[in-house]
Amino acid sequence: MGYKAVFLDRDGVINEERKDYVKDVSEFKLIEGSLDAIKLLKEKKFLVIIITNQSAINRGLLPVENLNKIHELLKIKLNKLNTFVDGIYFCPHTPEENCHCRKPRSGLLLKAAQEHNIDLENSLMIGDSQTDILAAKNAGCNSILLKKNQKLVDIVREFDS
């Protein structure tokens, strides 16, 4: 029996989504309450894993170094709240590359599950698009679709561990 996890999409769930991609730390704007939601999930004893498509990398718009800086900033902000995420997994590929890791495929969730001993059947993906929901279904875990104007923290407050 593995651990229970909550997989979170990044853009549109933790931070504001941009049509032209989040390419730099200056463009990384947190959604109100998203860090509190992660802290609540950790307090409820869930593993928290971020799963994010970042095709801007292979489109030549986002250097991996910039993505790493964005994720370091996120970790620093979480650390200030005495919390953390257990992992961040990203797919750099464009849809045309037809990889196994880009959502809606389940590659990143399966990799995270293997590396963290996650019980997918008793875990959950929260995302703001159908690709997130399909990735969860393809990995054999439950999902919640975040509606427009709905905040992650409002959903997480209703969770039982």
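Only the coordinates and a few stated rules stand behind these numbers; no lab work does. Everything quoted here is computed from the prediction, not taken from an experiment. Cβ coordinates were reconstructed from backbone atoms using ideal geometry, including for glycine residues, and neighbour counts include every protein chain displayed.
Structural remarks
- The chain - Cys residues lacking any other Cys C-beta under 4.7 Å: 99, 141
- Amide H contacts under 5 Å for residue 47: 4, 5, 6, restricted to partners 5 or more places along the chain or on a different chain, H placed in the peptide plane at 1.01 Å from N.
- Of 86, 20, the sequence from fewest to most neighbouring Cβ atoms within 10 angstrom is 20, 86.
- For the chain, the dipole from Cβ point charges (+1 on Lys and Arg, -1 on Asp and Glu) about the Cα centre works out to 120 debye, to the nearest 20.
- Candidates 117, 53, 149: whichever shows maximal mean-square fluctuation once the chain is modelled as a Gaussian network with Cα springs under 10 Å: 149
- For the range 74-82, 3J(HN,Hα) computed residue by residue from phi via the Karplus equation (6.51, -1.76, 1.60; θ = phi - 60°) reads 4, 5, 5, 5, 5, 4, 5, 9, 6 Hz, glycine and proline entered as x.
- Charge tally for residue 139 (other residues, Cβ to Cβ under 12 Å; Lys, Arg +1; Asp, Glu -1): +1.
- Between residue 69 and residue 19, residue separation times 0.36 nm minus the direct Cα-Cα distance comes to 16.0 nm.
- The helix-only estimate of mean residue ellipticity at 222 nm for the chain, built from DSSP H runs of length n ≥ 4 each weighted as -39500 (n - 2.57), is -9500 deg cm²/dmol after division by the residue total.
- Since only 114, 6, 30 are under comparison, the one whose Cα sits farthest along the positive direction of the charge dipole of the chain, derived from C-beta charges on Lys, Arg, Asp and Glu, is 30.
- Sorting 105, 157 by the number of Cβ atoms found within 10 Å of their own Cβ, with the fewest placed first, yields 157, 105.
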